[in-house]
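**Student:** Got a structure for you, written out below as C-alpha cells; questions coming shortly.
Just so it is clear, none of the values below were taken in a lab; they were calculated from the coordinates. Just so it is clear, the structure is predicted and the values come from calculations on it, not from any experiment. All Cβ positions, even for glycine, are placed from backbone atoms using ideal geometry, and neighbour counts span all protein chains on display.
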Amino acid sequence: MEQIVSGKSQVSALSAISEAFALIIDGKSLAYALEDDMKNIFLELAIGCASVICCRSSPKQKALVTRLVKLGTGKTTLAIGDGANDVGMLQEADIGIGISGVEGMQAVMSSDVAIAQFRYLERLLLVHGHWCYRRISSMICYFFYKNIAFGFTIFLYEAYTSFSAQPAYNDWYLTLFNVFFSSLPVIAMGVFDQDVSARFCLKFPLLYQEGVQNVLFSWRRIVSWMFNGFYSAIIIFFFCSRALEQQAFNDEGKIASKDILGGTMYTCIVWVVNLQMALSISYFTLIQHIVIWGTIAFWYVFQLAYGALPASFSTDAYRVFVEALAPAPSYWFITLFVVIATLTPYFLYSAIQMRFFPMYHEMIQWIRHEGLSDDPLYCEMVRQRSIRPTTVGFTARRAASRRQ
Amino acid sequence: MTDTDRGTQRDRHSAFSLFTQQSLPACKPVLTPEWVIMTFLFIGFIFIPVGLVTLRASHSVVEIVERYDIGCVPEPFRIDKVSYIQDDSIPKNCSLSFKVPKYMKAPIYIYYQLDNYYQNHRRYVKSRSDKQLLHGQNEHGISSCQPVEVNNDRPIIPCGLIAWSLFNDTFTFIRNRAELKVNRKNIAWKSDRGHKFGKNVYPFNFQNGTLIGGGKLNPTIPLSDQEDLIVWMRTSALPSFRKLYGRIEKDLDVDDVVVVHLMNNYNTYSFGGKKKLVLSTTSWLGGKNDFLGLAYVFIGSSSVTIAVVFTLLHLLSPRH
C-alpha cells in the first residue's frame with residue numbers, strides 16, 4: 001500500500017515535464033493490489049504510467065486486471081495473447097485478439113480476431129481498424145440519407161393527396177427501392193472502401209486517432225447527412241412537380257398523370273442517390289463502377305421489363321417508360337436538371353472542405369496526389385499540424401526517442 | 001528461387017488474391033480545385049443554353065385559359081349553386097367567348113381543367129377493377145370497386161368511383177359563325193386503348209342508381225373506344241389537373257373571336273372546385289411552363305458564378 005502511494009506521488013510530481021514512468025508488478029503483489037480497498041488507487045497509479053508490466057500472473061489475475069481497467073477507465077480495451085492462459089483475459093476485454101501458433105489454438109478459439117504473428121497487430125489496428133471505422137460510419141450515414149431522401153418525397157406527395165396515404169410510386173417500385181436500386185453501392189462501400197491506402201495508413205499512424213476521437217461519426221456528421229437527405233427530397237419533389245404541372249407533357253398534348261410524375265421522380269431519386277455515392281467515395285475499383293452505373297442502368301431495364309408485364313400485374317406502370325417517358329424530351333431534361341441541382345450543394349461543400357478545411361485523411365490524400373509522400377519534412381509538417389491530445393505515454397515516448 | 005516461391009509470386013498477382021488482400025487496382029480521384037472549377041463551368045455552359053432553348057419553346061406556346069364554372073351559373077341561382085347543378089330541369093347550356101391573342105398553329109389541344117379535385121386520393125384511386133375493364137363481366141375481383149359495385153343486384157360495368165365520377169361537360173366551338181370541328185379520337189394513350197380497356201366489354205347498368213356522379217356512357221360502344229372514359233380513368237398526379245378533351249385541326253388567327261357553347265353538367269360546386277376551359281398549342285417540349293427554362297438558366301448562371309468565386313478564392317489564399 002505504501003509503495004503504491006509513494007509511487008503515485010512520484011508520478012504526479014513529475015508528470016508536468018512528461019517524464020515517462022513504467023510500473024512492474026508480479027503475480028504475488030498483484031493478488032494484494034487487486035483487493036477491493038486497494039484496486040482503485042492501484043488503477044490510478046497504473047494509468048499515470050506509460051507502461052505497466054504484470055509478470056508471473058495467473059490467468060484469473062490477467063482477467064481481473066483487464067476488468068479493472070475496463071470498468072475503471074470506461075475505455076475500450078484490447079487484449080492480445082497466444083496461450084490457453086490468456087483465454088480469460090481475451091474474453092474479458094472488449095476486443096480479444098488471439099495469436100495462432102506454437103501454444104495451440106485455444107486463444108484463437110476464444111478471441112474476436114485471430115492473427116498469425118504478433119507484428120500483424122500493427123496492421124490490424126492502423127490499417128484495418130481505420131478502414132473499418134470509416135466504412136461503417138459512412139455506411140450508416142449514407143443509409144439514413146438514402147432512405148430519408150426516398151421516404152420524404154413520399155411524405156411530401158401526401159400533402160398533395162390530402163394525406164390519404166396514396167404513394168407517389170407504383171407498389172413494386174416502393175418495395176424494390178432498397179433491394180435493387182440502392183443496395184449494392186452501399187454494400188460495395190461498406191466492404192471495399194479505402195480512403196487512404198494501406199501504405200499510408202501505416203506511414204501516418206495518427207490517422208487511427210480519427211477513430212478514437214470519433215471524428216467521422218459525430219452527431220454533426222450524422223445530422224448533416226440527414227439534412228442532405230431532407231434537402232434532396234425537397235428539391236426532387238418540388239422541382240419535378242413544378243416542372244410537370246397541368247400543362248402538356250409532350251408534343252402530342254398528353255398530360256402528366258400520376259404514373260408519369262411518379263416515374264420521373266423515382267428516376268431522379270435513383271440517379272441522385274447513386275451519384276451521391278460516387279461523390280462521397282474516393283476509391284473506385286471495377287466493382288464500384290459496376291455497382292453504381294449498373295444500378296442506374298438496371299433501373300431503366302427494370303422499367304422496361306416491369307412495364308412489359310400484363311396490365312393486371314403492373315397496373316399503372318404498364319408501358320409507362322416505353323410509351324410516355326422515354327419519347328418525351330421533357331422527361332430527360334427534367335431528370336438531368338433535378339439531378340444536377342440536387343447534387344450541386346453537396347459537391348460545392350465537399351470542394352470547399354477539401355480545399356480549405358481538409359480533414360486529416362484528406363490531407364494525406366493531398367500528399368499522395370501531389371507526389372510528396374516521400375518527402376520526410378513535408379510529412380512531418382502534416383503530422384504536426386494535426387497532432388491531437390494524446391496520453392502521456394505517446395508524447396513521452398516520442399520525446400524520449402528524439403532525445404537519443 | 002524454388003517452385004513454391006515462384007508459385008506464391010504468381011499468386012500475389014492473381015485476381016482472387018488481389019481481391020482478398022484488398023489491393024485491387026483502383027482509381028483514387030482527389031477533388032482538386034481544377035476539377036471543381038471545370039465542373040462548374042461545364043455545368044454553366046451546358047445549362048444556360050439549354051435553359052434558353054426551353055424557355056423559348058415555352059414562350060412559343062399560346063395558351064388560353066377561361067374559367068367558366070361561376071360565370072355559367074345564371075344569376076338567380078348564384079346563391080345556391082349546388083341545388084342548381086343537381087336540378088335536372090334547369091337547362092345547363094352556357095356560352096362564353098374569347099379572343100385569340102396570338103396566331104395558334106394546328107393542332108390546338110382542348111383541355112378541361114379541374115382545381116381542388118383530389119383524383120389522387122387513395123380510396124378513389126383504388127376504386128376500379130382493371131380485370132373487369134379488360135375482360136368484362138366474367139371476371140371476379142370487383143370488390144375493390146366498393147361502393148359502386150352492384151346496383152339492384154346487377155353488376156355495374158365499368159365499376160368503381162373513378163368511372164362513376166366521369167366528367168360530362170361538353171364543348172362546341174364556333175368561329176365566324178362556322179363550327180370548328182373537334183377531333184375526339186386518339187386523345188387517350190395508345191397502351192390504355194389497346195391493353196387496359198377491352199374491345200368486347202360494353203357498359204352495362206352504368207349510372208343507373210339514385211346518386212348520379214357524372215356522365216353516362218353509350219352502351220353500344222365498347223370500352224376501348226370510349227376515349228373520354230379512358231382519359232378520365234388515368235388518374236392525375238396533383239389536385240389541380242387538366243385532361244385532354246379533343247383537338248382542333250385548324251389554325252386560329254390572331255384576334256379571331258371564338259364562341260364556346262358548353263353544357264355545364266358537372267358538379268364541382270359541392271366541394272369548392274373550379275372548372276376551366278383551356279386551349280393550348282404545344283412545342284417540341286410540351287405545353288407552357290417557364291419553370292424548367294428559368295430553373296436551368298438560374299442553376300447555370302449560379303454555377304458560373306460559383307466557378308468564378310472559387311477561382312478567386314483559390315488564387316488568393318494559397319494552401320500552405
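**Student:** Could you give the spread of the C-alpha atoms of the stretch A:276-370 along their three principal axes, from largest to smallest, in whole angstroms?
**Tutor:** Projected onto its principal axes, the Cα set of the stretch A:276-370 covers 58, 28, 18 Å.
**Student:** Which residues in the stretch A:177-194 place their backbone N less than 12 Å from a point set 7 Å from the Cα of A:ARG368 along the Cα-to-Cβ direction?
**Tutor:** Correct set: A:193-194.
**Student:** Would you mind ranking B:THR311, B:THR220 so that the residue whose beta carbon has the fewest other beta carbons within 10 Å leads the list?
**Tutor:** Numbers: B:THR311 16, B:THR220 7.
Sorted ascending by nearby Cβ count, the order is B:THR220, B:THR311.
**Student:** Can you give me the C-alpha center-to-center distance between the stretch B:170-194 and the stretch A:86-129, rounded to a whole angstrom?
**Tutor:** 80 Å
**Student:** GNM, chain B, Cα, under 10 Å: largest mean-square fluctuation among B:ILE110, B:ILE174, B:ILE230?
**Tutor:** Highest fluctuation among the options: B:ILE174.
**Student:** Under a 5 Å amide H to amide H cut-off, with H placed in plane at 1.01 Å, what residues pair with B:ASN151 once short-range neighbours are removed?
**Tutor:** Here B:ILE156 satisfy the definition.
**Student:** Compare A:TYR145, A:TYR160, A:TYR169 in a GNM of chain A, Cα atoms joined below 10 Å, and give the one with the largest fluctuation.
**Tutor:** Result for chain A, Cα springs under 10 Å: A:TYR160 fluctuates most.
**Student:** From Cα coordinates alone, what are the radius of gyration and Dmax values for the stretch A:20-116 in angstrom?
**Tutor:** 13.5, 40
**Student:** What nm distance separates the two modelled labels at A:SER224 and B:ALA106, each placed 7 Å from Cα along Cα→Cβ?
**Tutor:** 6.1 nm
**Student:** Take the Cα gyration tensor of the stretch A:208-251, multiply each eigenvalue by 5, square-root it, and list the three semi-axes largest first, rounded to whole angstrom. Before the final figure, lay out the partial values.
**Tutor:** On the way: eigenvalues 338, 15, 2 Å².
Working from the Cα gyration tensor, I get semi-axes of 41, 9, 4 Å.
**Student:** Considering only DSSP beta bridges with both partners in the stretch A:20-116, what is the antiparallel share in %, to the nearest 5? Mind dumping the intermediate values first?
**Tutor:** Working: 1 of 13 bridges.
Percent antiparallel among DSSP bridges in the stretch A:20-116 is about 10.
**Student:** Counting other beta carbons within 10 Å of each Cβ, put B:THR20, B:THR281, A:THR295 in order, fewest first. Each step should come with its number before you reach the end.
**Tutor:** Numbers: B:THR20 10, B:THR281 24, A:THR295 21.
Arranged by neighbour count, lowest to highest, B:THR20, B:THR281, A:THR295 become B:THR20, A:THR295, B:THR281.
**Student:** Please report the Cα spread of the protein assembly as shown along all three principal axes, rounded to whole Å, starting with the longest.
**Tutor:** Cα extents, longest axis first: 114, 65, 64 Å.
**Student:** Would you please give the FRET efficiency between A:LEU286 and A:ASN40, computed as 1/(1 + (r/R0)^6) with r the Cβ-Cβ distance and R0 = 45 Å, to the nearest 0.05?
**Tutor:** Details: r = 56 Å, r/R0 = 1.24.
About 0.20, to the nearest 0.05.
**Student:** Then there is this: By how many degrees, 0 to 90 and rounded to 10, does the Cα axis of helix A:2-14 deviate from the longest principal axis of chain A?
**Tutor:** Its long axis makes an angle of about 60 degrees.
**Student:** Here's a follow-up. Past 25 Å, Cα to Cα, is the threshold; run A:LYS254/B:LYS196; B:LYS199/B:LYS250; A:LYS254/B:LYS250; B:LYS81/B:LYS185; A:LYS258/B:LYS276 against it and keep the listed order. Can you show the working numbers first?
**Tutor:** Working: A:LYS254/B:LYS196 17 Å; B:LYS199/B:LYS250 31 Å; A:LYS254/B:LYS250 19 Å; B:LYS81/B:LYS185 33 Å; A:LYS258/B:LYS276 20 Å.
Among A:LYS254/B:LYS196; B:LYS199/B:LYS250; A:LYS254/B:LYS250; B:LYS81/B:LYS185; A:LYS258/B:LYS276, the Cα-Cα distance tops 25 Å for B:LYS199/B:LYS250; B:LYS81/B:LYS185.
**Student:** Right, next: Read phi for every residue in the stretch B:247-261 and hand back ³J(HN,Hα) as whole Hz from Karplus 6.51 cos²θ - 1.76 cosθ + 1.60, θ = phi - 60°, with x for Gly and Pro.
**Tutor:** With coefficients 6.51, -1.76 and 1.60, one gets 10, 9, 8, 10, 6, 10, 8, 5, 6, 5, 9, 10, 10, 10, 9 Hz.
**Student:** From Cα pairs below 8 angstrom and at least 6 apart in sequence, can you work out the relative contact order of the stretch A:122-383, rounded to a whole percent? Intermediate results must be reported in sequence, preceding the final value.
**Tutor:** Details: 253 pairs, mean separation 67.2, N = 262.
With pairs under 8 Å counted, the relative contact order is 26 percent.
**Student:** Write out the GluC sites (Glu not before Pro) in the stretch B:160-251 meeting two conditions: DSSP loop, and at most 12 other Cβ atoms within 10 Å of their Cβ. Please report the intermediate quantities before stating the final value.
**Tutor:** On the way: sites: B:GLU179, B:GLU227, B:GLU249; in loops: B:GLU249.
Answer by residue number: B:GLU249.
**Student:** Ok, one more. Among all the lysines, which ones have a C-alpha under 19 Å from A:LYS28's C-alpha, if same-chain residues fewer than 8 places away are not counted?
**Tutor:** A:LYS39, A:LYS60, A:LYS62
**Student:** Please compute the volume of the convex hull spanned by the alpha-carbon atoms of the stretch B:17-154 and report it per residue in Å³.
**Tutor:** 385 Å³
**Student:** For chain B, just give the cysteines left without a disulfide-compatible partner, judged by no other Cys Cβ under 4.7 Å.
**Tutor:** B:CYS27, each lacking another Cys Cβ under 4.7 Å.
**Student:** P(r) for the stretch B:86-177, please, calculated from all Cα pair distances in 10 Å bins and given in %.
**Tutor:** 12, 30, 25, 21, 11, 1
**Student:** Under 5 Å between amide hydrogens, which residues at least 5 positions from A:GLY96 or on another chain qualify, with H placed 1.01 Å from N in the peptide plane?
**Tutor:** The answer is A:ALA79, A:ASP112, A:VAL113.
**Student:** Helix B:33-59: angle to the longest alpha-carbon principal axis of chain B, degrees 0 to 90, nearest 10?
**Tutor:** 20 degrees
**Student:** Under 18 Å from the 7 Å Cα→Cβ point of A:LEU174, by amide nitrogen: which residues of the stretch A:233-255?
**Tutor:** A:237
**Student:** Calculate the mean, over all residues of peptide A:235-247, of how many other protein chain Cβ atoms lie within 10 angstrom of the residue's Cβ.
**Tutor:** Numbers: counts 0, 0, 0, 0, 3, 1, 3, 4, 7, 6, 9, 18, 14.
That average works out to 5.
**Student:** Then there's this: Applying 1/(1 + (r/R0)^6) with R0 = 35 Å to the Cβ-Cβ distance of B:HIS195 and B:ASN151, what FRET efficiency is obtained, to the nearest 0.05? Show your work: numbers first, answer last.
**Tutor:** Numbers: r = 28 Å, r/R0 = 0.79.
With a Förster radius of 35 Å, E is 0.80.
**Student:** Let me ask you something else. Helix A:39-48 against the longest principal axis of chain A: what's the angle in degrees, Cα atoms only, rounded to the nearest 10?
**Tutor:** Roughly 80 degrees, rounded to the nearest 10.
**Student:** Compute the FRET efficiency between B:HIS135 and B:ASN265 as 1/(1 + (r/R0)^6), taking r as their Cβ-Cβ distance and R0 = 35 Å, and round to the nearest 0.05. Spell out each step's value before the answer.
**Tutor:** Values: r = 31 Å, r/R0 = 0.87.
Given R0 = 35 Å and the Cβ-Cβ separation, E is 0.70.
**Student:** Please report the relative contact order for the stretch A:20-116, taking Cα pairs under 8 Å with a sequence separation of at least 6, and give it as a percent rounded to a whole number.
**Tutor:** This gives 21 percent for the stretch A:20-116.
**Student:** If you count, for every residue in B:116-128, the Cβ atoms of partner chains within 10 Å of its Cβ, what is the mean? Could the numbers behind the result be given before it?
**Tutor:** Values: counts 0, 0, 5, 4, 11, 6, 8, 3, 3, 7, 1, 0, 1.
Counting other chains' Cβ atoms within 10 Å and averaging over B:116-128 gives 4.
**Student:** May I ask you to sort B:SER143, A:SER164 by Cβ crowding, counting other Cβ atoms within 10 Å and putting the fewest first?
**Tutor:** On the way: B:SER143 9, A:SER164 13.
Sorted ascending by nearby Cβ count, the order is B:SER143, A:SER164.
**Student:** As a check on your grasp of the helix formula, calculate [θ] at 222 nm for chain A: sum -39500 (n - 2.57) over DSSP H runs of n ≥ 4, divide by the residue count, round to the nearest 500. Mind showing how you got there, number by number?
**Tutor:** On the way: 20 runs with 250 residues, N = 404.
For chain A, the value works out to -19500 deg cm²/dmol.
**Student:** Taking 2.2 N^0.38 Å as the expected size of a compact globular protein, what ratio does the Cα radius of gyration of the stretch A:122-383 give against it, to two decimals?
**Tutor:** Against the empirical 2.2 N^0.38 Å value, I get 1.17 for the stretch A:122-383.
**Student:** Now for a separate question. Hey, any idea what Rg/Rh is for chain B, computing Rh the Kirkwood way over Cα pairs?
**Tutor:** Working: Rg = 30.0 Å, Rh = 24.8 Å.
A ratio of 1.21.
**Student:** Here's something else I'd like to know. Which ³J(HN,Hα) values in Hz, rounded to whole numbers, follow from the phi angles of the stretch B:166-177 under the Karplus curve 6.51 cos²θ - 1.76 cosθ + 1.60, where θ = phi - 60° and Gly and Pro get x?
**Tutor:** The phi angles translate into 4, 5, 9, 6, 10, 10, 10, 10, 10, 10, 6, 6 Hz.
**Student:** Taking the Cα of A:VAL212, stepping 7 Å toward and past its beta carbon, and measuring to each backbone N in the stretch A:18-47: which are under 18 Å?
**Tutor:** Taking a point 7 Å out along Cα→Cβ of A:VAL212, the residues of the stretch A:18-47 whose backbone N falls under 18 Å are A:18-22, A:46-47.
**Student:** When chain A is treated as a GNM, springs tying every alpha-carbon pair under 10 Å, which of A:GLY253, A:GLY211, A:GLY48 comes out with the largest mean-square fluctuation?
**Tutor:** Looking only at A:GLY253, A:GLY211, A:GLY48, the largest GNM fluctuation is found for A:GLY253.
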